[in-house]
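Notes for the one structure printed next.
Every number here is computed from the coordinates shown, using simple stated rules; none is lab data. Given the structure is predicted, the values throughout are model-derived calculations rather than measurements. FYI the Cβ positions are ideal-geometry reconstructions off the backbone, even for glycines, and counts take in every protein chain you see.
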Amino acid sequence: MIHGTSASVESVSWQSLLAGSLTDPKQLLTRLNLDPALLEGARAASADFPLRVPEPYPNRIQPGDPNDPLLRQVLPLGEELQEHPGFVMDPLGEQHSNARPGIIHKYHGRLLLIVSGGCAVNCRYCFRRHFPYGDNNLSTSQWQQALDYIRADQSIREVIYSGGDPLAAPDQRLAWLTREIAEIPHVRRLRVHTRLPVVIPQRVTAELIDALCGTRLPVSMVLHCNHANEMDHELGQAIHRLKQAGILLLNQTVLLKGVNDNIEDLVSLSETLGDHGVLPYYLHVLDHVKGAQHFHVNDRAASGLAAEMLARLPGFLVPRLVREVAGETSKTPLAFGP
Ligand SMILES: *Cc1c(COP(=O)(O)O)cnc(C)c1O
Ligand code: SF4
C-alpha cells in the first residue's frame with residue numbers, strides 16, 4: 001500500500017507503479033469489493049478499450065461503492081458498447097490538424113507537441129480511446145522535423161506538451177526537448193497538459209522538475225483533475241513541489257455525468273484546487289466520442305451548473321465552461337445561465 005505511509009512519495013518509483021497497473025477487470029472488482037455482476041460488462045468493454053489503472057489510484061476509491069466518482073472514470077461498463085447517433089470515433093477531426101508527425105497546430109500562437117502517445121490510465125470518457133497512439137514515439141528525424149516546424153513559424157509563442165500524456169515520457173526526452181525549444185527565440189512559454197501527477201503523484205520527481213524548469217522558459221502546467229477525491233495527500237505534496245519550482249498551476253476538468261455533474265462536487269473541486277494554489281482553468285463539456293455516451297451532460301444542465309458556480313465561488317475559482325468545436329480558432333465558450 002502506498003497510501004498514508006510517511007516515506008511514500010519518493011520511495012516508490014513512478015515507473016514501477018505504472019508497470020504494476022491493474023489491467024484485469026476481475027482484479028479491480030475484487031480489490032474494491034465490488035459486485036461480481038459487473039464483470040461481464042467490464043470484460044466486454046475492456047476488449048474494446050482496455051482497463052488500465054495504476055495502483056495509487058484505487059486507494060482513493062471507496063470500496064464497495066459502484067458509483068464512486070473515481071471508479072466511474074476507470075471501470076469499463078457494458079453501456080460503452082451501445083451505439084448512439086452523434087457519438088463518433090473522431091469527434092474533433094484531429095487527424096486532419098497534424099501539421100507534422102507529433103504536432104497539432106490549430107490555434108494561433110500555440111501548438112501541441114505530442115511528446116508521448118502513452119497514458120498512465122485509461123479514462124473511459126477519453127476522446128482518444130479509438131486511437132491507441134500506443135507508445136510508439138517519434139524517431140530522431142521526426143523530432144527534428146517537428147522542431148524545424150516550430151523554428152520556421154515565428155507566430156508560435158507557446159509550445160504545449162501533450163499526448164497521450166506527455167509525462168509518460170522519460171525525463172531525458174523532456175529535458176532534451178525543453179532545451180531545444182528554449183533555443184528557439186520566438187518561443188516564450190512552455191505548457192504541460194497532464195493527468196499523470198493526478199493518477200501517480202510520485203511522477204513529480206526532482207528530475208522531472210529539472211527537466212521542465214532548467215531553461216529560460218516560464219512553465220505552466222494544466223492538471224486534469226476531475227473530482228476533489230482525486231486530491232489526496234500525495235498529490236498535494238506533488239503540487240507543492242511543482243509550485244516551489246515556480247510552475248504556474250492550472251486545472252482542467254471534464255464535466256462527466258455520474259462523476260462531477262452536481263454543484264456540490266464542482267464547488268468542492270474548485271475549493272480544493274484553491275486550497276492548493278491551483279487555478280481552475282477550463283470545464284470541458286464532453287466530446288461526443290463513441291463509447292462515452294453515458295457520461296454526457298446536456299448543455300442546459302452544464303450552463304446551469306456554471307451559473308451556480310459563479311454564484312457560489314470567487315471569480316478566480318470559476319473555470320470557463322467550454323467545448324471543442326472542430327475548425328474553431330479557440331475553445332468555444334458556452335453561454336452561462338439556467
Ligand atoms: C486546447 C488546445 C490548445 C490550448 O488552448 P488554450 O485556449 O490556449 O488553452 C492548443 N491547441 C489545441 C489543438 C488545443 O486543443
Ligand atoms: S489521461 Fe487524458 S489522454 Fe490519457 S486516457 Fe485519460 S483522458 Fe485520455
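Things worth noting here:
- Of all stretches in the chain that contain no GluC sites (Glu not before Pro) in a DSSP loop with at most 14 other Cβ atoms within 10 Å, the longest one is 184-327.
- For segment 140-188, the calculated P(r), taken from all Cα-Cα distances in 10 Å bins from zero up to the bin holding the longest distance, is 24, 58, 18 percent.
- Under 13 Å from residue 290, Cα to Cα: aspartates and glutamates that are on another chain or at least 8 residues apart: 48, 79, 80, 83, 90
- Short-range pairs are left out: with C-alpha atoms under 8 Å and at least six residues apart, the relative contact order of the chain is 16 percent.
- Per residue, the convex hull around the alpha carbon atoms of segment 240-310 comes to 99 Å³.
- Derived value for the chain: Kirkwood hydrodynamic radius 20.6 Å. Basis is the mean of 1/r over every pair of different alpha-carbon atoms.
- Gyration tensor (alpha-carbon) shape descriptor, segment 14-81, a/c threshold 1.5: oblate
- The sum of -39500 (n - 2.57) across all DSSP H runs of n ≥ 4, divided by the residue count of the chain, sets its helix-only mean residue ellipticity at 222 nm to -9000 deg cm²/dmol.
- Residues of segment 203-223 with amide N under 12 Å of the 7 Å Cα→Cβ point at residue 248: 218-222
- Hull shadow area, averaged, segment 89-211 [alpha-carbon convex hull, nm²]: 7.5 nm²
- Ranked packing of 212-221, 162-171, most packed first, by mean Cβ within 10 Å: 162-171, 212-221
- Summed side-chain charge close to residue 43 - residues other than residue 43 whose Cβ falls under 15 Å, Lys, Arg +1, Asp, Glu -1: -3
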